[in-house]
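To start, the structure itself, in structure tokens.
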């Protein structure tokens with residue numbers, strides 16, 4: 001690559017030539033309004049060409065606080081086995097084996113080694129919706145239903161669809177999920193009966209979208225669904241999101257995207273029993289994965305810490 005000759009380089013060459021001509025660095029420094037030490041450094045580098053006076057990188061070749069080879073090897077190892085579960089889980093596993101660096105330092109090394117390179121996605125304008133402040137478990141539970149992707153079903157389902165109904169606590173991110181063969185108010189209301197027992201704490205508010213498995217169409221009828229009647233029976237407040245606003249139920253929507261990345265996209269089941277067994281195992285595992293938003297704690301740890309702190 002051809003070196004670009006800048007005005008600064010030409011200026012340095014004039015200073016050096018003047019100093020060589022008079023054999024006096026101080027005189028050249030006074031004439032060109034610079035320091036004697038600077039002229040001395042330029043003369044030492046000058047080999048008769050203007051390219052020798054170009055800017056050079058000041059980046060050090062070594063720093064005493066930089067990551068060691070063993071630390072970089074450890075980051076690669078943990079990212080290989082836990083990277084699919086998120087960088088927070090990678091950092092948690094590193095800390096468990098004695099890693100003392102910060103989370104941001106780990107992320108910088110992962111970017112340098114191109115371990116977490118992803119395709120750039122199209123960005124969308126942010127909404128003005130403000131999330132409510134959640135301070136304890138059970139204050140707000142988001143519930144939603146997703147289709148089980150057909151790509152992961154490798155057995156004869158006789159054209160029937162499977163559904164995943166998910167409830168997630170916004171405070172602790174603890175989830176409870178079930179697989180069903182029907183998407184109706186009956187399955188959602190039966191799911192609600194088991195929810196408090198499975199989560200392990202009292203629920204004050206449930207937030208859902210306007211799907212027919214939860215509520216009726218207000219333009220058609222004002223009657224309450226079986227799901228809404230079950231909420232009233234359990235003395236749980238119900239909150240509906242605004243139509244066509246999935247970001248208001250963003251916590252459970254994000255968890256469904258994680259399910260596709262970690263579970264459904266990587267498997268193809270040969271039978272319903274195999275799918276159900278793997279789903280239950282994944283459901284239990286999810287609540288034991290550390291999250292950055294939880295301070296590198298797991299959902300189960302967040303619930304335990306809250307109740308142990310308030311019990312003391």
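Restricting the stretch 155-171 to residues that are under 25 Å from the mean Cα position of the chain (by Cα) and in contact (Cβ under 8 Å) with a residue 60 or more places away in the chain, the residue that is farthest from residue 271 (Cα to Cα) is 171. Taking helices (runs of 4 or more DSSP H) as the structural unit, those lying wholly within the stretch 18-128 and holding at least 1 residues that are under 24 Å from residue 286 (Cα atoms) and either in contact with a strand residue (DSSP E or B) (Cβ under 8 Å, 6 or more places away or on another chain) or outside the structural domain of residue 286 (by TED's automatic domain parsing) (or both) correspond to 69-82, 87-96, 103-112. Residue 143 satisfies every condition listed in (1) modelled with pLDDT of 90 or more; (2) part of a loop (DSSP other than H, G, I, E, B); (3) closer than 20 Å to residue 254 by Cβ except (2). Among the residues of the stretch 279-298, the ones that are over 15 Å from the mean Cα position of the chain (by Cα) and touching a residue at least 12 places away in the same chain (Cβ under 8 Å) come to 5 in all. Among the residues of this structure, residue 58 does not count as one that is farther than 30 Å from residue 104 by Cβ and modelled with pLDDT under 95. Only residues that are surrounded by 17 or more Cβ atoms within 10 Å (Cβ to Cβ), more than 12 Å from residue 237 (Cβ to Cβ) and more than 26 Å from the chain's Cα centre (by Cα) were counted across the stretch 202-217, and they come to 3. Against the test of being within 27 Å of residue 88 (Cβ to Cβ), in a loop (DSSP other than H, G, I, E, B), in the same structural domain as residue 187 (by TED's automatic domain parsing) and modelled with pLDDT of 90 or more, the options 288, 249 yield a single qualifying residue, 288.
The values are calculated or read from the model by the stated rules, or taken from the named source; none is laboratory data. Note that the coordinates shown come from a computational prediction; the quantities given were computed from them, not determined experimentally. Every residue, glycine as well, gets a Cβ built from its backbone with ideal geometry; the counts of neighbours run over all protein chains shown.
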